[in-house]
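The values are calculated or read from the model by the stated rules, or taken from the named source; none is laboratory data. Predicted model, so just to flag it, every value in this text is computed and none were measured. Here the Cβ positions follow ideal geometry from the backbone for every residue, glycine too, while neighbour counts run over all protein chains shown.
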Amino acid sequence: MRAHARLVAEVDAAGRTRLVCLRGEPPLVLRRTGPAAAAGDEVQVHLVGAAAGPLGGDDLRLDVDVGPGARVCLRTVAASLALPGPDGRRSTLQMLVRVATGGELRWLPEPLIAAAGCHHLSRSVVELADGAALLWREELVCGRDGEPSGDARIDTTVRYAGRTVLRTDLAVGPRADGWAGPAVLAGAKATGSVLVVRPEWAAGGPPAAGPLGPGAARLPLAGGPAVLVTTTGPTARGVRTELDRAEPDRAEPDRAGAQPPT
């Protein structure tokens, strides 16, 4: 299956964020949720999976453009379950995100679950203008309850004012040598990260580096006013708890009621 979804947000003359483009194709369906936004308020959108998957062979793309001063929170209604296809082909989800000066995007999806036998690639490129803000959460669960992990790769690049802030490439599963060893997940079932970019940190700097709890750490990044929080653990719920604790005012639980799998 091939699908392309697009979200474009701009600010109108009254200072309200409005969605000038909200288009999708199954299984990528975008729906505006939450109350109407007043001037300066954030607009909330949910990505609704209109079919199971991603399934091996799927080619999915999501483009997001947040204009100057616009504020958007993009969530998913449920975890994504990467499943094997009938012929062993890889499924892909590609995201291209652009946030203009004064704009803000919060990407708060539910976890990706790498079901046994899957072969999935999630690749994201985020371009932030100078003065843009971002909260970017990623969570991965290695297999469903009681099953081994399938093959999944999460490849993320974030640039701020033309300079690379973050470049990560995490692969798990039978094709990824050493992924369960001490240098990667050390046997953990779940892992997650939150990247926070705030332009106001350019003057005073982001929070200092340090441990946050078992398997969790905070690291300021050299490429811009940004900090990365990473954590691993035996359950997706525990990983989400650590990420929420690290950034409680921004990464709050989904108001729509979605819960991470255990």
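Tabulated results
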| item | result |
| --- | --- |
| Boolean, Ala51 is of a type outside the set (S, T, N, Q), at pLDDT below 95 and within 26 Å of Leu128 (Cβ to Cβ) | no |
| Single match in Ala186, Ala190 (criterion: in contact with a strand residue (DSSP E or B) (Cβ under 9 Å, 6 or more places away or on another chain), touching a residue at least 24 places away in the same chain (Cβ under 8 Å) and under 17 Å from Ser122 (Cβ atoms)) | Ala190 |
| So Ala52, is it within 17 Å of Ala114 (Cα to Cα), among the aliphatic types (A, V, I, L, M) and in contact (Cβ under 8 Å) with a residue 60 or more places away in the chain | no |
| Hits in the stretch 218-235 (condition: part of a strand (DSSP E or B), of a type in the set (A, V, I, L, M) and surrounded by fewer than 20 Cβ atoms within 10 Å (Cβ to Cβ)) | Leu219, Leu221 |
| Residues that are modelled with pLDDT under 95 and either assigned to a strand (DSSP E or B) or on the phi > 0 side of the Ramachandran plot (or both), drawn from the stretch 166-193 | Gly178, Ala186, Gly187 |
| Residue within the stretch 81-100 that is β-branched (Val, Ile, Thr) and not in a strand (DSSP E or B) present | no |
| Single residue of Asp41, Asp65, Asp87 found to be of a type outside the set (S, T, N, Q) and under 22 Å from His4 (Cβ atoms) | Asp65 |
| Flag for Arg31 being crowded, with 19+ Cβ neighbours inside 10 Å and either modelled with pLDDT under 95 or among the charged types (D, E, K, R) (or both) | no |
| Subset of the stretch 194-217 [part of a strand (DSSP E or B) and under 15 Å from Trp136 (Cβ atoms)] | Val194, Leu195, Val196, Val197 |
| Selected residue [of a type outside the set (D, E, K, R), in contact with a Cys (Cβ under 7 Å, 6 or more places away or on another chain) and closer than 20 Å to Arg237 by Cβ] from Ala152, Ala115, Ala188 | Ala152 |
| Selection from the stretch 123-156 of residues that are under 20 Å from Arg175 (Cα atoms) and outside any loop (DSSP other than H, G, I, E, B) | Arg123, Glu139, Leu140, Val141, Asp151, Ala152, Arg153, Ile154, Asp155, Thr156 |
| Output for the stretch 56-72, where each listed residue is closer than 15 Å to Ser122 by Cβ and buried (at least 20 other Cβ atoms within 10 Å of the Cβ) | Gly56, Asp58, Leu60, Leu62, Val64 |
| Qualifying residue in the stretch 39-54 (condition: of a type in the set (D, E, K, R), over 23 Å from Pro111 (Cα atoms) and not in a strand (DSSP E or B)) | yes |
| Odd one out for Gly15 among (1) in contact (Cβ under 8 Å) with a residue 40 or more places away in the chain; (2) over 28 Å from Pro174 (Cα atoms); (3) touching a strand residue (DSSP E or B) at 6+ places or on another chain (Cβ under 9 Å) | (3) |
